[in-house]
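Please treat every number below as a calculation from the coordinates, not as lab data. This one's a predicted model, so the numbers in the text were calculated from it and none came from an experiment. Counting neighbours? That spans all protein chains shown, and the Cβs are built from the backbone with ideal geometry, glycine included.
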Amino acid sequence: MTTLDLLRTDRVLSVVRAPEIGDARDLCSALVAGGIHVIELTFTTPDLPKHLERAASGDTGAVVGAGTVQTEAQARTAVEAGAKFLVTPGQGPEAAAIVAAAHEAGVPIVLGSLTPSEVMTAVALGADAVKIFPAHQFGPKYLKDLSGPFPGTPLVPSGGVNAGNARAFLDAGALAVSAGTDVVSPADVAAGNWSDITAKAKAFCAALS
């Protein structure tokens with residue numbers, strides 16, 4: 001099953017944006033126990049390659065990728081550390097090179113976008129899916145409007161998506177939604193509150209049904 005196939009099944013991925021991660025493998029195990037299998041660790045966390053390598057060690061059942069990728073060098077570093085997919089916050093000057101590095105490594109790339117023009121550019125560059133960010137500023141109706149001209153484009157809303165609005169984004173046509181601090185708070189990650197993270201992941205997944 002590919003990463004996109006797994007997203008179609010789970011309808012959610014978890015974005016971990018924390019200043020520190022106590023144990024990335026335990027974090028992944030906690031999220032998987034809560035029903036979330038696709039996990040994005042971001043370059044805003046120091047020493048991300050180390051955490052990617054730790055997450056990839058052992059069999060947690062998670063598919064772990066790298067987010068906030070802004071350069072080709074970051075893309076290649078993440079893949080070498082074990083990232084199974086890449087996500088960008090937007091489309092900077094190295095967007096095409098990031099796509100090329102991802103596809104060269106055989107991993108999917110999710111390019112960040114907001115406007116219709118940016119979605120068109122992401123598709124033209126070869127993005128496997130398009131992240132709509134910041135989704136909460138525009139809401140599910142905006143995502144539904146985007147789905148009109150881009151019916152075959154997998155859209156993943158990110159930013160401010162929570163248990164209260166996630167179902168509405170899916171109903172509006174999203175492939176999956178990104179669960180952020182609503183599930184994985186920086187404090188829980190730093191303290192290793194794995195049972196709390198599992199409980200929040202279960203609650204988020206329950207809200208999708």
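Here are the numbers for the structure shown:
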quantity	calculated
Residue in the range 99-121 that is surrounded by the fewest Cβ atoms within 10 Å (Cβ to Cβ), counting only those that are of a type in the set (A, V, I, L, M) and under 19 Å from VAL38 (Cβ atoms)	ALA105
Unmet requirement for PRO151, which otherwise passes all of (1) over 20 Å from ARG17 (Cβ atoms); (2) buried (at least 17 other Cβ atoms within 10 Å of the Cβ)	(2)
GLY112 small (Gly, Ala, Ser) and under 30 Å from GLU80 (Cβ atoms)	yes
Pair list, Cβ under 8 Å, 6 or more apart: the range 42-57 residue basic (Lys, Arg), other residue crowded, with 17+ Cβ neighbours inside 10 Å and in a loop (DSSP other than H, G, I, E, B)	LYS50/ALA81
Every residue from the range 69-111 that is in contact (Cβ under 8 Å) with a residue 40 or more places away in the chain and either farther than 22 Å from ILE132 by Cβ or of a type in the set (Val, Ile, Thr) (or both)	VAL87, THR88, VAL107, VAL110
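Here is a yes/no grid of residues against (1) within 16 Å of VAL12 (Cα to Cα); (2) within 14 Å of the chain's Cα centre (by Cα):
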position: ALA129; (1), (2): yes, yes
position: ALA135; (1), (2): yes, yes
position: PHE150; (1), (2): no, no
position: GLY160; (1), (2): yes, yes
position: ASP171; (1), (2): yes, no
position: VAL183; (1), (2): yes, yes
